[in-house]
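Written below as C-alpha cells is the structure these notes are about.
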Amino acid sequence: MNNSDLQSDVSAITDRVNRAERWMIGLTGAIAFFGLCAVIVGYLQWRTMSGQLREMKSGSADTRILAEAAKKQADKAETISTSIQQAVTEMRVGNSRAKDSLDKTLTQSKAALDASIRIAESQNALVNRQIQATQEQTELSERPWIAVSSPIVAAPMIVEKDGQVYASFQIPARNVGKSPAKEVWIDLALRELPDPEWETLKKLCERDNIGIPTFGHVVFSNDSLPQMAYRVQGKAMALQQDNGSFLLPPALIGCVRYKSLISGKTYYTGFIYQILILPPDNRGLPLLGITVDSQSGKVRPWPPMTGTGKDLGTGAVKIPGAWISFYPEFMGNIAK
C-alpha cells in the first residue's frame with residue numbers, strides 16, 4: 001500500500017469521524033434543544049402551576065376569610081339571637097311585673113271602689129231611713145185614725161137548736177185623726193170557743209178587701225162612719241151533744257180596715273168586746289148557754305134562770321137586745 005492509498009484511507013476515516021462528530025454535535029444540539037424545550041415547558045408549567053397555586057392559595061385565603069367572616073356573622077347572629085332572647089325574657093319579665101302591678105292596682109282600685117260603694121250605700125240607706133222615719137213621723141202625726149165605741153144591738157140574737165147563732169150590730173166609728181180615710185169597712189166575728197180571741201182578730205184583719213175602688217166609705221177628720229147594721233154568724237160551743245147543751249159566744253171581735261186618702265197606706269183598728277147577756281129577774285146572773293130538752297123540745301137557759309124566764313121557748317131562741325151588754329177588752333191599731 002502506498003502513501004496515497006493510506007492518505008485516502010486516513011481522509012476517509014477522517015471524513016467518517018467528522019461526519020460522526022457532526023452527527024454527535026447535531027444530536028447533542030438536538031438533545032440540548034429538546035432539553036431546553038423541556039426546561040422551557042417545565043418553566044412554563046411551573047409558572048402556570050405557580051399561578052394556580054397562588055390562585056389556590058389566594059382562593060384558600062379568600063375561603064378562609066369567607067369562613068371567618070361567616071363564623072363571625074354566625075357568632076354575631078348567635079349574639080344577636082342571645083340578645084333577642086334576653087330582651088324577650090326581660091320583656092316577659094317586665095310584662096309579668098307590669099301585669100302583676102296592674103292586677104294589684106286593679107285589685108286596690110276595686111277594693112277602694114267597693115269600699116266607696118259600701119259607704120255610699122250605707123249613707124244612702126241612712127238617708128233613706130231618715131227620710132222614711134220623717135215620712136212615718138209625718139204620717140203618724142197626720143194619719144187618719146178610726147176609733148170605735150160600744151156596739152149597738154140592731155136585732156135580737158137568734159140561737160138555733162143546733163147551736164147556730166145569728167146577730168146584727170151597729171158599730172159606732174169616728175175618724176179621730178187629722179186626715180181623711182177612704183175605703184173604710186168593718187168586719188165582725190163572734191168568738192167561737194175554744195178559738196183564741198187574738199187568732200180570730202188576726203184572721204179578720206188578714207181578710208183584706210181593700211183595693212176595690214167602690215168598696216168602703218170615705219170618712220173625713222172628726223166625722224163618723226155612716227151607721228149601718230153588720231150581720232154576723234157564729235157557732236155556739238157544744239157542751240154535751242147528747243142533751244143539746246151549748247155555750248154561747250162570749251165575745252164580739254171586729255177589725256176596721258181603711259186607707260189614708262193622702263198616702264194610700266192601709267191601717268187596721270182591731271177591737272174586742274165581751275158579750276154579757278143579763279136576763280131580767282135573774283138576780284144579776286148572766287146567761288152563758290142554753291140546753292135543749294130532747295123530749296119536750298123546750299129550750300132552757302144555762303145556768304137555770306129564776307123567776308118567769310125558766311124556759312126560752314121550743315124553737316129558735318131570740319135573745320132581746322135589752323139583755324145584751326158589752327164590755328171593752330181591747331181597741332187599738334193592728335200592725336200587719
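The values are calculated or read from the model by the stated rules, or taken from the named source; none is laboratory data. Worth saying up front: this structure is predicted, and the values here are computed from it rather than measured. Glycine gets a Cβ as well: all are built from the backbone with ideal geometry, and neighbour counts include every protein chain shown.
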Going through the stretch 219-250 in order, the residues found to be crowded, with 20+ Cβ neighbours inside 10 Å and either out of contact with any strand residue (DSSP E or B) (no Cβ under 7 Å at 6 or more places or on another chain) or not in a loop (DSSP other than H, G, I, E, B) (or both) are 219, 234, 246
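Okay, residues lined up against (1) more than 28 Å from residue 229 (Cβ to Cβ); (2) assigned to a loop (DSSP other than H, G, I, E, B):
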position: 124; (1), (2): yes, no
position: 138; (1), (2): yes, no
position: 144; (1), (2): no, yes
position: 147; (1), (2): no, no
position: 161; (1), (2): no, yes
position: 165; (1), (2): no, no
position: 184; (1), (2): no, no
Quick check: is even one residue across the stretch 220-229 within 16 Å of residue 271 (Cβ to Cβ) and assigned by TED's automatic domain parsing to the domain that holds residue 266? yes
Tell me whether the stretch 172-181 contains one or more residues that are touching a residue at least 60 places away in the same chain (Cβ under 8 Å) and more than 30 Å from residue 324 (Cβ to Cβ). yes
Would you check if residue 260 is out of contact with any Gly (no Cβ under 8 Å at 6 or more places or on another chain) and either buried (at least 16 other Cβ atoms within 10 Å of the Cβ) or more than 30 Å from residue 220 (Cβ to Cβ) (or both)? yes
